[in-house]
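Inspection log for the structure reproduced underneath, given as structure tokens.
The values are calculated or read from the model by the stated rules, or taken from the named source; none is laboratory data. Values in this document were obtained by computation on a predicted structure and should not be read as measured data. Please note: Cβ atoms are built from the backbone with ideal geometry, for glycine as well, and neighbour counts cover all protein chains shown.
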Amino acid sequence: MQAQKDAPRRLAPLESFRGSLSARVYEVLKDAILALSYKPGEILRKSEICEALNVSRSPVSEAIARLAADGLVDVVPQAGTFVARFSMDEIREGAFLREALELAAVEHLAGCITDEQIVQLRRNIRLQEVLVHDGDHEGFYQLDAQMHELIMASTGFRRLARLADTAWVQVNRARQLVLPTPGRVQETLSEHKKIVDAIVARDPQAAREATRHHLRQLIKYIAPLEKDRPELFQPPKERKPKA
């Protein structure tokens, strides 16, 4: 009974997203999983989701199929659908791919950034400062994502942001465990400032170094959680063999 009461409160309204009904259900569920509203290992009950969103089972089933393809849920025959537990192998791989893409992006952008793009990046940093001062971690998390998206989009390469998001999805989910760490939000803001300052100074090497340092901090903070919060991670015997 408690699960039924909780479900409506942890799912964003469908109106928050655009697209077909199944696409919006997918975005709602993905948003909840990335925000850890649904914990790793927790079961997803279609009936509760249908009731919470006031939709039929068909769009929910389609959304879950997409989430399974993303690696965010595990569909177990005769058992149900479960939020995927974290895998350090997948997190490290995603971080590696994201770093390769973002280092190339900041190096490129430092050589061609426009005045308008500089204004957008600096405005984002100022807003981050306000949210850190206010202790609004959720708002800061959103602006953090927007800053990285802005950097990717400003390169002019249309598929870059989507590729980076796909690579980053498991890290993005795990980083929710890190932000509440005392002092981490302030450290993250400082790292963001160094990245933006280097881009604005049109210094590709400094931009790469600042970005590399920033991205690698996450793994440093996430890796110990495998031992501290083992219930959230795949046991070694469950890890998928590398192809």
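For the stretch 44-100, filtering for residues that are under 28 Å from I219 (Cβ atoms) and charged (D, E, K, R) leaves 10.
Any chance the stretch 206-218 includes a residue that's surrounded by 18 or more Cβ atoms within 10 Å (Cβ to Cβ), within 18 Å of D89 (Cβ to Cβ) and of a type in the set (K, R)? No, because not a single residue in the stretch 206-218 is surrounded by 18 or more Cβ atoms within 10 Å (Cβ to Cβ), within 18 Å of D89 (Cβ to Cβ) and of a type in the set (K, R). Of the helices (runs of 4 or more DSSP H) entirely within the stretch 91-206, those holding at least 1 residues that are under 27 Å from P40 (Cα atoms), more than 17 Å from the chain's Cα centre (by Cα) and not assigned by TED's automatic domain parsing to the domain that holds A69 occupy 184-200. I want to confirm something. Restricting to the stretch 24-52 and keeping residues that are surrounded by 15 or more Cβ atoms within 10 Å (Cβ to Cβ) and hydroxyl-bearing (S, T, Y), which single residue is nearest to P180 (Cα to Cα)? Within the stretch 24-52, the match that is nearest to P180 (Cα to Cα) is S37. Do we find a residue being modelled with pLDDT under 95 and in contact with an Asp or Glu (Cβ under 8 Å, 6 or more places away or on another chain) anywhere in the stretch 123-139? No, the stretch 123-139 contains no residue that is modelled with pLDDT under 95 and in contact with an Asp or Glu (Cβ under 8 Å, 6 or more places away or on another chain).
If you go through the stretch 170-182 and keep only what is hydrophobic (A, V, I, L, M, F, W, C) and surrounded by 19 or more Cβ atoms within 10 Å (Cβ to Cβ), you end up with V171, A174. Considering only the stretch 63-82, I want to know if a residue exists there that is at pLDDT below 95, of a type outside the set (K, R), exposed (fewer than 14 other Cβ atoms within 10 Å of the Cβ) and closer than 24 Å to A145 by Cβ. So far as the stretch 63-82 goes, yes, one or more of its residues are at pLDDT below 95, of a type outside the set (K, R), exposed (fewer than 14 other Cβ atoms within 10 Å of the Cβ) and closer than 24 Å to A145 by Cβ.
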